[in-house]
1. Looking at segment 90-111, I want the residues that are part of a loop (DSSP other than H, G, I, E, B) and at pLDDT 70 or above and have a partner that is small (Gly, Ala, Ser) and exposed (fewer than 15 other Cβ atoms within 10 Å of the Cβ) with Cβ atoms under 7 Å, at least 6 apart or on another chain. Which pairs are those?
2. What residue, among those in segment 3-43 that are assigned to a loop (DSSP other than H, G, I, E, B) and not charged (D, E, K, R), is modelled with the lowest pLDDT?
3. Keeping to segment 38-58, report how many residues are crowded, with 22+ Cβ neighbours inside 10 Å and closer than 16 Å to residue 105 by Cβ.
4. If residue 67 passes every condition in (1) over 16 Å from residue 126 (Cβ atoms); (2) assigned to a loop (DSSP other than H, G, I, E, B); (3) at pLDDT 90 or above but one, which one does it miss?
5. Can you say whether residue 166 is on the phi < 0 side of the Ramachandran plot, touching a residue at least 12 places away in the same chain (Cβ under 8 Å), out of contact with any strand residue (DSSP E or B) (no Cβ under 6 Å at 6 or more places or on another chain) and not in a helix (DSSP H, G or I), as far as the supplied structure shows?
6. Would you confirm whether or not segment 156-172 contains a residue that is of a type in the set (Gly, Ala, Ser) and under 17 Å from residue 43 (Cα atoms)?
7. So for segment 4-13 (the condition being crowded, with 20+ Cβ neighbours inside 10 Å and under 17 Å from the mean Cα position of the chain (by Cα)), does at least one residue qualify?
8. Going through segment 140-163 one residue at a time, which ones are aliphatic (A, V, I, L, M) and outside any loop (DSSP other than H, G, I, E, B)?
Amino acid sequence: MLVNTFYERHVEQLLDLAGRATAALSQAGIDYRVVGGLAIYVYVNAVDPMAARLTRDIDLAVNRRDLDGIREAVRPLGLVYRHTAGLDMLVDAREPSARRRIQLHPDNPESVPPLASSSAGEGGFLLAPLVDIVRMKLTGFRLKDQVHVQDLDAAGLITPQIEQQLSPVHRERLRQVRASR
C-alpha cells in the first residue's frame, strides 16, 4: 500500500495542534468551535476519507471577550497572539508564519456561527454544527468557500434537512455552486 507520508505528517501535525490548542482553551473554560477548512476536512473525512482535502491553518470561532484569556491559555504551547491585516491569530512564537496559524473569528453574527451547539470532531475538539458551517461558507462565498461547499455536497452532507435551514440567499448561492460543477 502506498502512503503519502508528507500528507499524513501534515494531517497529524494539524490535528495535534488543533487538539492541543482547543484542550488549552477548554481547560481555561473558554468556549470555541472549529470552523473553516479543518471543520470541512473532519466532516468530509468521516464519510469519504478519499475526498477530504486538507487545509493549512485552523479556524476557531470564539467570543471577542475571551481574547485575553485565549492569549494566556495558549502561551504555554508556544503560541502568541497577533493582530495582523485585520485578522486575529495565534502563531508559533518560534516560527510566526501567517501560513501556519490558528485564525480566531470573534463573534460576528453575519459570518461566524454561534457557539451554542457543537459536535465532537476527530481529535476531541468541538466542531460548529454542519448547518452553521454551510451558512458560514455561503456567506463568505469566496472561491475556497465555494469549493468547501462542493466538497460537503459531493460527500452527501448537504441534505434536504440542511437546505431547509438555509435562507433564500444561501439556497440561491448553493444552487449557483451546484450549477458551477
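The values are calculated or read from the model by the stated rules, or taken from the named source; none is laboratory data. Small disclaimer: the values here were computed from a predicted structure and weren't measured. All Cβ positions, even for glycine, are placed from backbone atoms using ideal geometry, and neighbour counts span all protein chains on display.
1. Every condition considered, the pairs that remain are 93/78; 94/78.
2. Going through segment 3-43, the residues assigned to a loop (DSSP other than H, G, I, E, B) turn out to be 3-4, 28-31.
Next, only the ones that are not charged (D, E, K, R) stay: 3-4, 28-30.
On the way: 3: 61, 4: 72, 28: 96, 29: 94, 30: 94.
Filtering segment 3-43 for residues that are assigned to a loop (DSSP other than H, G, I, E, B) and not charged (D, E, K, R), the one modelled with the lowest pLDDT comes out as 3.
3. Summing the residues that are crowded, with 22+ Cβ neighbours inside 10 Å and closer than 16 Å to residue 105 by Cβ in segment 38-58 gives 4.
4. Single failed check for residue 67: (2).
5. The answer is yes for residue 166.
6. yes
7. Pass one, segment 4-13, residues crowded, with 20+ Cβ neighbours inside 10 Å: none.
No, the conditions are met nowhere in segment 4-13.
8. Scanning segment 140-163 gives 143, 147, 149, 152, 154, 162.
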